[in-house]
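Trainee: The structure follows.
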Amino acid sequence: MERKIHNENLRRRRSRQRRTSLSVARSMRTRLVVFRSARHIYAQLVDPESGRTIASVSTRDRSVVGEGYSGNVEAAKKVGKAMAGLAREHHVEDVVFNRNGFLYHGRVKALADAAREEGLRF
């Protein structure tokens, strides 16, 4: 039995997560998983067979973002470009984009578009 979620925004996000998790889990392609907080954005490449993280990038790493603010669209674009570079190093070209229940808008969309521009296909 699941606990009732009183926070409306969290309840909606969990609903979106459940709705999309089955289709993402069925795919045998590598997953590009995104997590967004108020201050940072994180991206991981996850192997579909073992469930282990292949590579990860976030705005907490100053070599990716530099000295700028880490919670904006520009920082998300830098993370997307860095993730595409890491995917290329690990010989990954096709991925499934798991937005983790977040709306495809703003920073999540900027990360995805930047990764596509650098050659990642999803």
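Trainee: Regarding the stretch 105-122, can at least one residue be identified that is in a loop (DSSP other than H, G, I, E, B), out of contact with any Ser or Thr (no Cβ under 9 Å at 6 or more places or on another chain) and under 23 Å from Leu10 (Cα atoms)?
Mentor: So far as the stretch 105-122 goes, yes, one or more of its residues are in a loop (DSSP other than H, G, I, E, B), out of contact with any Ser or Thr (no Cβ under 9 Å at 6 or more places or on another chain) and under 23 Å from Leu10 (Cα atoms).
Every residue, every condition in (1) farther than 30 Å from Tyr69 by Cβ; (2) in contact with a helix residue (DSSP H, G or I) (Cβ under 8 Å, 6 or more places away or on another chain); (3) not polar (S, T, N, Q), yes or no:
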position: Arg3; (1), (2), (3): yes, no, yes
position: Arg14; (1), (2), (3): no, no, yes
position: Ser23; (1), (2), (3): yes, no, no
position: Arg31; (1), (2), (3): no, yes, yes
position: Val34; (1), (2), (3): no, yes, yes
position: Arg39; (1), (2), (3): no, no, yes
position: Asp47; (1), (2), (3): yes, no, yes
position: Thr53; (1), (2), (3): no, no, no
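Trainee: Only one of these is within 24 Å of Arg19 (Cα to Cα), out of contact with any Lys or Arg (no Cβ under 7 Å at 6 or more places or on another chain), aliphatic (A, V, I, L, M) and modelled with pLDDT of 95 or more: Ala55, Ala87, Ala112. Name it.
Mentor: Ala112
Trainee: Exactly one of these conditions fails for Lys78: (1) within 25 Å of Arg29 (Cβ to Cβ); (2) out of contact with any helix residue (DSSP H, G or I) (no Cβ under 6 Å at 6 or more places or on another chain). Give me its number.
Mentor: For Lys78, the failing item is (2).
Trainee: A further question follows. Residue by residue through the stretch 1-21, note down the ones that are among the β-branched types (Val, Ile, Thr) and in contact (Cβ under 8 Å) with a residue 12 or more places away in the chain. Step through it out loud before you land on a result.
Mentor: Restricting attention to the stretch 1-21, the residues satisfying the condition of being among the β-branched types (Val, Ile, Thr) are 5, 20.
Selection gives Thr20 alone.
Trainee: Something else: For Val96, are the conditions met, namely being in contact (Cβ under 8 Å) with a residue 12 or more places away in the chain, touching a strand residue (DSSP E or B) at 6+ places or on another chain (Cβ under 6 Å) and within 30 Å of Glu8 (Cβ to Cβ)?
Mentor: Against the criterion (in contact (Cβ under 8 Å) with a residue 12 or more places away in the chain, touching a strand residue (DSSP E or B) at 6+ places or on another chain (Cβ under 6 Å) and within 30 Å of Glu8 (Cβ to Cβ)), Val96 qualifies.
Trainee: Scan the stretch 73-93 for residues that are under 27 Å from Asn9 (Cα atoms) and either in contact with a Pro (Cβ under 9 Å, 6 or more places away or on another chain) or small (Gly, Ala, Ser) (or both) and jot them down.
Mentor: The answer is Ala75, Ala76, Gly80.
Trainee: Those residues that are part of a loop (DSSP other than H, G, I, E, B), within 12 Å of the chain's Cα centre (by Cα) and among the aliphatic types (A, V, I, L, M), I need them from the stretch 74-104; list them, please.
Mentor: Matches in the stretch 74-104: Leu103 only.
The values are calculated or read from the model by the stated rules, or taken from the named source; none is laboratory data. Remember, predicted model here, so these are calculated numbers, not experimental data. So basically every Cβ, Gly included, is an ideal-geometry build from the backbone, and we count neighbours across all protein chains shown.
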